[in-house]
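Asks: Before I ask anything, here is the structure I am working with.
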Protein chains: 2
Amino acid sequence: MMAFKTDIEIAREAKKLPIQEIGAKLGIGPEDLVPYGHDKAKVSADFIARQAGNKNGKLILVTAINPTPAGEGKTTTTVGLGDGLNAIGKKAAVCIREASLGPCFGMKGGAAGGGYAQVVPMEEMNLHFTGDFHAITSAHNLLSALIDNHIYWGNSLDIDIRRVVWKRVMDMNDRALRDIVTSLGGVANGFPRQAGFDITVASEVMAILCLSNDLEDLQERLGRIIVAYTRDRKPVTCKELKADGAMTVLLKDAMQPNLVQTLENNPAFVHGGPFANIAHGCNSVVATKTALKLNDYVVTEAGFGADLGAEKFMNIKCRKAGLAPAAIVIVATIRAMKMNGGVKKQDLGAENVAAVKDGCANLGRHIENIKGFGVPAVVAINHFAGDTEAEIKACKDYVASQGSEAILCKHWAEGSKGIQELATRVAQIADSGVAQFQMLYPDDMSLMKKIETIAKRIYRADERLADKKIRDQLAQWEEQGFRDLPICMAKTQYSFSTDANLRGAPTGHSVPIREVRLSAGAGFVVVVCGEIMTMPGLPRVPSSESIMLNDEGLIEGLF
Amino acid sequence: MMAFKTDIEIAREAKKLPIQEIGAKLGIGPEDLVPYGHDKAKVSADFIARQAGNKNGKLILVTAINPTPAGEGKTTTTVGLGDGLNAIGKKAAVCIREASLGPCFGMKGGAAGGGYAQVVPMEEMNLHFTGDFHAITSAHNLLSALIDNHIYWGNSLDIDIRRVVWKRVMDMNDRALRDIVTSLGGVANGFPRQAGFDITVASEVMAILCLSNDLEDLQERLGRIIVAYTRDRKPVTCKELKADGAMTVLLKDAMQPNLVQTLENNPAFVHGGPFANIAHGCNSVVATKTALKLNDYVVTEAGFGADLGAEKFMNIKCRKAGLAPAAIVIVATIRAMKMNGGVKKQDLGAENVAAVKDGCANLGRHIENIKGFGVPAVVAINHFAGDTEAEIKACKDYVASQGSEAILCKHWAEGSKGIQELATRVAQIADSGVAQFQMLYPDDMSLMKKIETIAKRIYRADERLADKKIRDQLAQWEEQGFRDLPICMAKTQYSFSTDANLRGAPTGHSVPIREVRLSAGAGFVVVVCGEIMTMPGLPRVPSSESIMLNDEGLIEGLF
């Protein structure tokens, strides 16, 4: 049997082109590419502005079933499909999210894709990359410092120090910073108060950067951030602290999308990385729109499974940015179907057609949900070496019985030539214009009704549990002018329900709302169902212990 | 009268060359320049390693009298002298420090130089630049997180949580973070303890990066950092936490020196920015050594006045890196002489030859001190428009009476053509080989004796006040093997004494030592005399309030 190469081994063997050559494929001249090393660049804001008149390409969303420990390969399929489209002669690019640096020192960092469907340079993308997250950290913490500084110098805005809702952020897994008391040590250090840090990807600044159309839009959104409340609960905004201008300056470069390449030297935009629970979990609007102006097809992905990621992609990102997907790919694996069918991870090696059939219910629910958005869905079966013919047939038959189709894809092992059937079919669908995209709810529906709509139509829950305090809070925000905002659900990604252990396609469950948060700058109301961790911790043996440079100067232990 | 242009106006009119052309002047090919945009680059570690066999150029240090509110223009003169040397046909580069981002949002950010002697791009150098400080922040805070994580998971190293000496850092002026309690909120968040943040430039990681010869040296030094003590006061190091490898990975790119250019398109290395009080206040050893391998003359500067900056440059940086200056320039201004002579800032406009003469005592002391290092000193009088002939003559005569010479320099207004006399003279001195560099004290002198030597020979203090606790601490470190370390004095930069208001050339004062700190990784003992602030605060009206992008996309309010 052939020895498999690891993702990092494959990535290091990549024959990368100078980034200027990737830019040239898209018609971006060297003067409009801001290089970061020889294999990464930002696309200049000036260039982007000049493309406004271009026709848009077709947008293809890659989503997935609920994630299982078996792994689905959503990013791998996104990258593979991009390469596949290029291989069949289409002009296509992929748009994915940036990775967060901090978590790499806890668990191993991740490739962008896998096998022969990856985006490179892998090391840089897991470390500082082009500095976007550092810029977001700086902008966020400048606002934090200005809040305490305002209080220190007289607090003319009358901020209630018990009601400061803007925390600080760091791109690090540091549980000690979750809950802290600041400004100890006497008069010169300010007024002591309880505070805390989130990880940078959880920052509202991240969500804002990813939803903004340009720097002007960015500054307006930053200005709308609610940082605190007065004693009589009047919101205090970033703009009142006059922080929006300086934050925009700090984010000026970070707003420009990053261009890198796949292993097959096709363009990949890697930009933005908001949490997929308390935020919308998609790459930036600027990157997606830029890619659409420069390509005939753009393949992008959304976080987690389709119940969270695709729903937010459509109800938040597409709504805000005026985008509409022309086709949607749902990634599934035979192994994940088996886990949904009740098989334990250690038993995944054995053929189990019955379990595949049982587990397909989860996939079927997602197909049905996606169709509800008016967009055709194709299932991509991301092939694993142990999948049997009978298992694959069982899955394909099930999908056919749902009025859709499933296509076996071998991009992980073969690169673009393993995914040309999917690429061809997706291009056909996108070109056919059959998609009639519609969002799940209108802007002017009440906030509670929007939550109910998602819970009922996507999660298939029987009841939504929200106590009076939460309903009152939603009502208050509606009075304050936030009724038109979409909902950003934060619940477990492992189930349609709020119970992570409930696989398959559960019904009859309830959705208890624990908390609601207003992201006035990003422009959504976060509905928290269950525990959501916004500052991770490090494990007993963090991966940092084995990360180092080897004798050749290569990074060991990061992957 | 001609209307003067501001530094930023001049900087924006600069005819910058592509950074590859600047690299080419030094023989650095495009493949060895890691670009960050079109006007900034890092010089690859590979290229640097290949230059090991080159002959070294001559090192010229620019230092100054004690700073006054009148401004001296040390960086301006450093940059001007570099341009001046190039203008007279010499191959020369300048080496200066990077700016810290955080403070720019409190007070206005600074140019690197001024007038027609500046390094560009100015905006980027005051903001994220090439991300070095962000990398230092990440590496520092990874170690911080690993300390609390170690304690959380069982504390097998037996760290005394009251004796954790490694704080966290942020590149922001945020007084609320000076003194905090972390790990509140229950079992899952760790063990509550008192902690705090410094600003990033105060991080020992910054000092280490600036003193390391290469990545291997960097990792060894990082490993030696003392992060905490056990209950029985045994030091716990970074290496014991296995953090040194991952920190080195995070700093891999940051270790490569940054190349930019002066307004006259001459090469400028801008790399590293350690505090000049609790650290040694010089640009990186890697940058200086690289510049020396590629140029006949390298002009660099040290922080604050010569009593702090030049002393540390020679006793710490030169000692550690095996460097020796061939000539030293002491920058003075007529205005600063007058302030040293007792004139108030508002009266500086009026001619006052007597005050110049009185104030020259400060300059004279610095000349004498510099000569004590065996290196010839030339005084650069950085010309201001209001200086009178009589005042300039008084200063020149005084310097001549001290056996040195003062040269009037008009680089601020005229660029290189205003400083050719100084450039010519400095090159002559450097070429003459007359310098016989010697450090102030040998490695094997006791720590207390080293402190006394600096206080006596540089500050001209009569007594050193150190209570028993401090003497015991120094003795303990000597027993632990740290006797050979040099001393890093942290005192006010405004006076030879520890009293900021004592201008001129005071004698008979005493130097009270408040605290000593061991920077085992950087390799020096910090001796704190007086209050040293390692986390600044923001003013009542921070400059962030007026920083914004204007309609042309240019940054307003940063300068």
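Asks: Can you list which of the DSSP-assigned H helices in chain B have a Cα extent of 27 Å or more along the long axis and an average Kyte-Doolittle score of at least -0.5? If you can, show how the numbers build up before the last one.
Replies: Numbers: long enough: B:132-152 (30 Å, 0.28).
Span-like helices, by this rule, are B:132-152.
Asks: For the range A:536-559 and the range A:124-146, what is the centre-to-centre distance using only Cα atoms, to the nearest Å?
Replies: Comparing the Cα centres of the range A:536-559 and the range A:124-146, I get a distance of 22 Å.
Asks: Say the dipole of the range B:447-528 comes from +1 at the beta carbon of Lys and Arg and -1 at that of Asp and Glu; which of B:ILE513, B:ILE454, B:ALA475 then lies farthest toward its positive end?
Replies: Ranked along the dipole, the leading option is B:ILE454.
Asks: Now for a different question. Using helices alone, I'd like the mean residue ellipticity at 222 nm for chain A: each DSSP H run of four-plus residues gives -39500 (n - 2.57), total over residue count, nearest 500. Provide the component values of the computation, followed by the final result.
Replies: Values: 17 runs with 172 residues, N = 559.
About -9000 deg cm²/dmol.
Asks: If you filter the range B:219-289 for trypsin sites (Lys or Arg not before Pro), then keep DSSP loop positions with at most 11 other Cβ within 10 Å, what is left?
Replies: Sparse-neighbourhood loop trypsin sites (Lys or Arg not before Pro): B:ARG231, B:ARG233.
Asks: Within chain B, what's the longest stretch lacking GluC sites (Glu not before Pro) that sit in DSSP loops with no more than 15 other Cβ atoms inside 10 Å?
Replies: After excluding every exposed loop site, the longest remaining stretch is B:14-350.
Asks: Based on the alpha carbons, how large is the Rg to Rh ratio for the range A:291-367 when Rh follows Kirkwood?
Replies: Answer for the range A:291-367: 1.12.
Asks: With no solvent and one equal point scatterer per Cα, compute the Debye intensity ratio I(q)/I(0) for the range B:373-458 at 0.15, 0.19, 0.23, 0.26 Å⁻¹ and report its log10, rounded to two decimals.
Replies: For the requested q values the scattering log ratios are -0.75, -0.93, -1.09, -1.23.
Asks: Moving on to the next point. Using the Karplus curve 6.51 cos²θ - 1.76 cosθ + 1.60 with θ = phi - 60°, what ³J(HN,Hα) values do you get for each residue of the range A:316-327, in whole Hz, with x for Gly and Pro?
Replies: Ordered by residue, 3J(HN,Hα) equals 10, 5, 5, 4, 6, 9, x, 9, 8, x, 9, 6 Hz.
Asks: Continuing with this model, one more query. Over the range B:331-374, what percent of the accessible surface lies on carbon and sulfur atoms, probe 1.4 Å? All intermediate terms of the calculation are to be shown ahead of the outcome.
Replies: Values: 740 of 1630 Å².
About 45 percent, which is the carbon plus sulfur part of the accessible surface.
Asks: Another question about this same structure. Taking every residue in A:40-50, how many Cβ atoms of other protein chains lie within 10 Å of its Cβ, on average? Walk me through the numbers before you get to the answer.
Replies: Numbers: counts 1, 2, 1, 0, 1, 1, 1, 0, 0, 0, 0.
Mean partner shielding for this stretch: 1.
Asks: Project the alpha carbons of chain B onto their principal axes and report the range along each, largest first, in whole Å.
Replies: Largest to smallest, the principal-axis extents are 71, 56, 52 Å.
Asks: How large, in Å, is the range A:132-247 by the Kirkwood hydrodynamic radius built from its alpha-carbon pairs?
Replies: Numbers: mean 1/r = 0.0686 Å⁻¹.
Across the range A:132-247, the inverse of the average 1/r is 14.6 Å.
Asks: Using only protein heavy atoms and a 1.4 Å probe, report how much of B:MET107 is accessible, in Å² to the nearest 10.
Replies: About 130 Å², rounded to the nearest 10.
Asks: Would you mind giving the mean number of other chain beta-carbons within 10 Å of the Cβ of each residue in B:136-143, as a whole number? Can you show the working numbers first?
Replies: Numbers: counts 0, 6, 11, 0, 1, 6, 10, 1.
Averaged over the peptide's residues, the number is 4.
Asks: Here's something else I'd like to know. Using a/c under 1.5 as the rounded threshold, could you call the range B:391-517 rounded, prolate or oblate? The axes a ≥ b ≥ c are square roots of the C-alpha gyration tensor eigenvalues, and prolate needs a/b larger than b/c, oblate otherwise. Don't skip to the end; give the middle numbers.
Replies: Values: a/c = 2.79, a/b = 1.89, b/c = 1.48.
Prolate.
Asks: Quick one: Cα centre-to-centre distance for the range A:420-451 and the range B:194-268, in angstrom?
Replies: So the separation of the two Cα centres works out to 50 Å.
Asks: Moving on. Viscosity 1.306 mPa s, temperature 10 °C: give me the Stokes-Einstein translational D for the range B:17-71 in µm²/s, with Rh taken as the Kirkwood radius over C-alpha pairs.
Replies: In µm²/s, the coefficient rounds to 115.
Asks: In addition: Please give me, ordered by residue number, the trypsin sites (Lys or Arg not before Pro) of the range A:55-105 that lie in loop per DSSP and have at most 14 other Cβ atoms within 10 Å.
Replies: A:LYS55
Asks: For B:LYS252, enumerate residues with amide H under 5 Å from its amide H, sequence gap 5+ or separate chain, H modeled in the peptide plane.
Replies: Here nothing satisfies the definition.
Asks: Grab the alpha carbons of the range B:447-528, take their convex hull, and tell me the volume per residue in Å³.
Replies: That works out to 80 Å³ per residue.
Asks: Next question, about the same structure. Setting aside same-chain residues fewer than 8 positions from B:LYS5, which aspartates and glutamates have a Cα under 12 Å from its Cα?
Replies: Output for B:LYS5: B:GLU13.
Asks: Here is a further query. Amide H to amide H under 5 Å from B:ARG163: which residues, 5+ apart in sequence or cross-chain, H placed 1.01 Å off N in plane?
Replies: B:TYR229
Asks: What are the chymotrypsin sites (Phe, Trp or Tyr not before Pro) within the range A:1-108 that DSSP puts in a loop, where the Cβ has at most 14 other Cβ atoms within 10 Å? It would help to have the intermediate numbers written out before the result.
Replies: On the way: sites: A:PHE4, A:TYR36, A:PHE47, A:PHE105; in loops: A:PHE4.
Here the sparse-neighbourhood loop sites are A:PHE4.
Asks: Enter the mean projected area of the convex hull around the alpha-carbon atoms of the protein assembly as shown, in nm², rounded to one decimal.
Replies: The Cα convex hull of the protein assembly as shown, projected and averaged over all directions, gives 43.4 nm².
The values are calculated or read from the model by the stated rules, or taken from the named source; none is laboratory data. What you are looking at is a predicted structure, and each value in this text was computed from that prediction instead of being measured. As a convention, Cβ positions derive from the backbone with ideal geometry for all residues, glycine included, and neighbour counts pool all protein chains shown. When the accessible area is computed, the model is the full protein with side chains, heavy atoms only, and any ligands, DNA or RNA have been set aside. Shrake-Rupley method; radii C 1.70, N 1.55, O 1.52, S 1.80 Å.
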